[in-house]
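Nothing in this text is a laboratory measurement; each read-out follows from the coordinates by a stated rule. In this text the structure is predicted, and so the values were computed from the model without any measurement. We place every Cβ from the backbone using ideal geometry, glycine too, and count neighbours over all the protein chains shown.
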Ligand code: ADP
Ligand code: ASP
Ligand code: MG
């Protein structure tokens, strides 16, 4: 069994969905489970509809509902010309968008949104795309079955960032997916979407379809998890920032996890963990270029000082200075409890005798955090910070790579630096506006000049 996940651009329209079917055709003997994202851009639009409605712009919200309805109906009609199933699917799509229009009206009346209502809206994208893709498979003669992700992807009720119930997902997958595979069928389900034990709709957070794929892969003991996207694999940097980025043919789980956590959007940061636990290799392939080699992510890979670089913009750095930190056992624990109590995770940490600096990805609760931290000492904030991650299993084998990295930055000021304990990620905190030029300089140094 394998899991093949297709991202938004890989199912953006009828032509892209046609390519998905061609790819799965070549995988039939491996018993694929197909996991799909929403049609490219649909999730953004759904959330936009909810936000516009709640802020009083109901007319615009309803126009967007119509645009999204038309897009789904149009692509379904191209995929299922004149079939009986087309009518059923079109009616289903229409009913879903009628419901969404009613929800938008309710949001307008309420004037606010809850995380739970946002998830109900965001999930529409994957629920529809998976129905459309399953029907398109059947139209082409393949025995595909739509599986409602909410019947499989059990989660807790942390709406908009729900955490998986791994045992529940395993049990549901064994009950719902494995029998279909054994009957020679192709299960097609949406990524990103889940449900609580009482069947309230949840989502795993933006970009979460990759995570769905690896959770399902672990749950069915897959032999491979394939992430099909719009680039040839994992590259030495984001090709949108560095057009000269090069394909990485093989990378370790640890390196890939660090890159994902520090901004390589090609993989959701949580994707690697379920795969590592069961030792399942993860592949990244291009659905527009299926013959290309792609990237294999596994336990071992050639040990290089620098495998790739990643950058993350719009993070927040918080610095706490306190003389009470000197020789005070438990001080750091109390500081970190502040972040925990505000459900905010910390990315990078450095400490000195009298200060601790951290970066936060999510600054939603910043004001409350700062207020609590003020009890410990002087707090300052760099609101527009950026992260650079220079990742390679051999980065700390000698001092050369780190020295080269710092030299490459030249006059770009560095606010924090940290080498992870595993010694594979050298992270630097700089100003947000320096992230792109810094990545260009680092990439040129490590990958574009002959050594
Ligand atoms: P999907 O919709 O298939 O999930 P995403 O947009 O989430 O696709 O992720 C693919 C994108 O990730 C690429 O188009 C690329 O711009 C970006 N990306 C960032 N860092 C990397 C990297 N190191 N290697 C490859 N792609 C990367
Ligand atoms: N459709 C969701 C998003 O845009 C999940 C995903 O594509 O992975 O965030
Ligand atoms: Mg993605």
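Peptides 251-260, 289-298 ranked from most to least packed give 251-260, 289-298, packing being the mean of other C-beta atoms within 10 angstrom over each peptide's residues. In a fully extended conformation the segment linking residue 25 and residue 323 would gain 100.8 nm over its present Cα-Cα distance, using 0.36 nm per residue. Rounded to the nearest 5, the antiparallel percentage of DSSP beta bridges internal to region 121-224 is 45%. Between region 245-264 and region 119-167, the alpha-carbon centres lie 27 Å apart. Relative to the longest principal axis of the Cα atoms of the chain, helix 435-447 runs at roughly 90 degrees. Remark: relative contact order (the chain) = 13 percent; criterion is Cα-Cα distance under 8 angstrom and separation of 6 or more residues. Estimated translational diffusion coefficient (Stokes-Einstein, Kirkwood radius over Cα pairs, 10 °C, 1.306 mPa s) of region 123-261: 97 µm² per second. Any idea what angle helix 166-176 forms with the longest principal axis of the chain, computed on alpha-carbon atoms, 0 to 90 degrees, nearest 10? Result, in degrees: 20. Sorted from greatest to least, the principal axis extents spanned by the alpha carbons of the chain come out as 72, 55, 38 Å.
Sort region 207-293 into rounded, prolate or oblate with this rule: let a ≥ b ≥ c be the square roots of the eigenvalues of the Cα gyration tensor; rounded if a/c is under 1.5, and if a/c is not under 1.5, prolate when a/b is larger than b/c, oblate otherwise. Prolate, because a/c is 1.5 or more and a/b exceeds b/c. Would you please state which residues of region 181-219 a label at residue 106 would reach in this model, taking the label point 7 Å out along Cα→Cβ and a backbone N cut-off of under 14 Å? Residues passing the 14 Å test: 200-201.
Using the rule -39500 (n - 2.57) for each DSSP H run of four or more residues, divided by the residues of the chain, the 222 nm mean residue ellipticity is -13000 deg cm²/dmol. Listed peptides 235-244, 178-187 appear in the order 235-244, 178-187 once ranked by packing, highest mean of other Cβ atoms within 10 Å at the front.
Comparing Cα centroids, region 22-62 and region 385-429 end up 37 angstrom apart. With respect to the chain, whose longest principal axis is taken over its alpha-carbon atoms, helix 209-219 is tilted by about 80°.
Can you give the FRET efficiency to the nearest 0.05 for residue 140 and residue 341, using r as the Cβ-Cβ distance and R₀ = 51 Å?
0.45
Beta-bridge orientation, the chain: approximately 60 percent antiparallel, per DSSP, counting only bridges with both partners inside.
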